[in-house]
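First comes the structure, then the notes that go with it.
None of the figures in this text is laboratory data; all of them are computed from the coordinates on show. The model shown is predicted, which means the values in this text are computed figures rather than measured ones. Note that each Cβ is placed from the backbone with ideal geometry, even for glycine, and that neighbours are counted across all protein chains shown.
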Amino acid sequence: MDFEKIARIQGKLAKRVVERPLDIGTVKTVGGVDVSYKGEKARAAFVLCSFPDCRLLRFRTVETEVAFPYVPTFFFLRETKPAIMAIGKEKPGVLLVEGQGKAHPRGYGLASHIGLVLGIPTIGVAKKPLRGSPPGSWARVGKAYVSVGHLVDLASAVEIVKALSLDGYPLPLKLADRFSKGAEDEARKDPASH
């Protein structure tokens, strides 16, 4: 695989990412998507929650073969397909993606790619920043490192994630993580008990 060529494509696609304030008053639903792996299988989970009270409205999980190995900073090659399969035709007001957005050495992580492909506002949320990310491309909210995916700005992204955070991490992604790992019964319980 020609990673140099893919890196150049990432650089070009990064220029198509739109960074702008999101009118948070119009956001009624927030989605979350996460992918877990077991052997050669990827299991992706999408959850749709009301906003700002974060009630779980519905969820979907899908399983598919792993198409690409894990390669740092080329995460989007591995996770885009299962994530988009799980999202299906849903169009949440904003989508939280477990992965980086503009906080990426080439300014184009998984959250930006999914946002660009689907044409919806996306926010990248990760547990640690990537080495080589541009200064000012992320903000820490509790235990989360938040960055612009697409069709939001960093201030809007931070406000959304703060509103949804439970124990330092946004609840939609906590739920998506549990569903992706097959813990449906646990994830359906009262979120405040997690």
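Data table
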quantity: Which of GLY11, ALA45, PRO135, positive extreme of dipole for the chain (C-beta unit charges); calculated: GLY11
quantity: Listed residues ARG131, ARG20, ARG106, most fluctuating in the chain (Gaussian network, C-alpha, under 10 Å); calculated: ARG131
quantity: Overall form of region 90-138 per C-alpha gyration tensor (a/c, 1.5; a/b vs b/c); calculated: prolate
quantity: Other-chain or far-sequence residues with amide H under 5 Å of ASP34's (modelled H); calculated: ALA45
quantity: Karplus-derived 3J(HN,Hα), 6.51/-1.76/1.60, for each residue of region 23-32, Hz, glycine and proline x; calculated: 6, 5, x, 8, 7, 9, 9, 10, x, x
quantity: Charge dipole magnitude, Cβ of K and R +1, D and E -1 - the chain, Cα centre, debye nearest 20; calculated: 340 debye
quantity: Summed side-chain charge close to ASP177 - residues other than ASP177 whose Cβ falls under 10 Å, Lys, Arg +1, Asp, Glu -1; calculated: +1
quantity: Lysines with Cα under 29 Å of LYS89, excluding same-chain neighbours fewer than 8 positions away; calculated: LYS12, LYS15, LYS28, LYS38, LYS41, LYS81, LYS102, LYS127, LYS162, LYS174, LYS181, LYS189
quantity: 3J(HN,Hα) from dihedral phi, region 120-136, Karplus parametrisation 6.51/-1.76/1.60, rounded to Hz, x for glycine, proline; calculated: 10, x, 10, 10, x, 10, 9, 8, 7, x, 7, 4, x, 5, x, x, x
quantity: GNM flexibility winner over the chain from GLY101, GLY182, GLY31 (Cα, springs under 10 Å); calculated: GLY182
quantity: Residue among VAL71, VAL97, VAL18 with the largest mean-square fluctuation in a Gaussian network model of the chain, springs linking Cα atoms under 10 Å; calculated: VAL71
quantity: VAL66 long-range amide H proximity, modeled H, under 5 Å; calculated: LYS41, ALA42
quantity: Gap separating the Cα centres of region 54-99 and region 118-183, nearest whole Å; calculated: 14 Å
quantity: Mean Kyte hydropathy of -1.0 or more with a Cα span along the axis of at least 27 Å, helices from DSSP in the chain; calculated: none
quantity: Separation of the ASP167 and PHE3 label points, Cα + 7 Å toward Cβ, nm; calculated: 3.4 nm
quantity: Amide H contacts of LYS91 (H built 1.01 Å from N, under 5 Å, at least 5 apart or other chain); calculated: none
quantity: Cα gyration tensor category, rounded, prolate or oblate, for region 58-167 with a/c compared to 1.5; calculated: oblate
quantity: Rounded, prolate or oblate (a/c below 1.5 giving rounded, otherwise prolate when a/b exceeds b/c) for region 7-120 by Cα gyration tensor; calculated: oblate
